[in-house]
Amino acid sequence: MKPRPILLSLLIAGALATTGVVVVSADNLHFVAPLESGEEVQEPSVISNAAGVSTMRVSRDGAALNYRLNVANIDDVLFSHIHCGAVGVNGPVVAFLYPGPTVSPNGVLATGAVTEADVIDRPDSAACPGGVSGLDDLLDKIESGDAYVNVHTVAYQAGEIRGQIK
């Protein structure tokens with residue numbers, strides 16, 4: 001069962017309201033990743049009412065990617081990551097958004113900042129062409145649509161909800 005569009009719209013609206021107006025400029029980049037089970041790439045397919053949204057903003061000095069991750073209708077969250085990977089491709093983890101412990105939130109799962117030190121270097125691969133070796137590379141992947149967020153749970157350890165970062 002897919003999440004109701006109104007729920008996802010409310011989650012996105014709420015998340016954007018807490019981070020400000022989405023404006024894209026060279027020194028103030030904002031991104032969003034709507035999360036739903038239908039975006040997960042695995043067999044068997046994930047069937048869940050869970051939904052979420054991750055909003056991200058590059059700091060003015062470019063030294064961090066500040067984020068907020070909201071979720072709803074999800075139980076036993078293990079962790080959440082940013083992965084390198086295009087739509088429909090499962091790729092390697094490049095940054096943690098929520099490292100644990102196991103929780104069942106309904107609202108904010110995590111807030112924080114990804115810095116150069118938080119990025120997990122990944123070599124060039126079919127799932128992550130060109131690889132990732134730092135925050136600038138991660139931001140390039142995000143801007144090109146080749147990065148996604150997913151939330152892993154006890155029931156769906158490979159990921160219960162996922163969304164490309166746009």
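Observations on the structure shown:
- Of all residues in region 13-33, none satisfies being modelled with pLDDT of 90 or more, farther than 19 Å from A113 by Cβ and buried (at least 17 other Cβ atoms within 10 Å of the Cβ).
- Qualifying positions in region 31-61 - of a type outside the set (A, V, I, L, M, F, W, C), touching a residue at least 40 places away in the same chain (Cβ under 8 Å) and not in a helix (DSSP H, G or I): P34, E36, E40, Q42, S48, N49, G52, S54, T55, S59
- Count of region 72-117 residues which are outside any loop (DSSP other than H, G, I, E, B) and either in contact with a helix residue (DSSP H, G or I) (Cβ under 8 Å, 6 or more places away or on another chain) or free of Cβ contacts under 8 Å to residues at least 12 places away in the same chain (or both): 10
- When residues of region 41-66 are limited to those that are touching a Leu at 6+ places or on another chain (Cβ under 8 Å) and among the polar types (S, T, N, Q), the one modelled with the lowest pLDDT: S59
- Residue ID - surrounded by the most Cβ atoms within 10 Å (Cβ to Cβ), chosen from residues in region 140-166 that are in contact with a Gly (Cβ under 8 Å, 6 or more places away or on another chain) and aliphatic (A, V, I, L, M): I161
- For the condition outside any helix (DSSP H, G or I) and free of Cβ contacts under 8 Å to residues at least 24 places away in the same chain, P129 qualifies.
The values are calculated or read from the model by the stated rules, or taken from the named source; none is laboratory data. Just so it is clear, the model here is predicted, and its values are computed rather than measured. In this analysis, Cβ positions are derived from the backbone assuming ideal geometry, glycine residues included, and neighbour counts consider all displayed protein chains.
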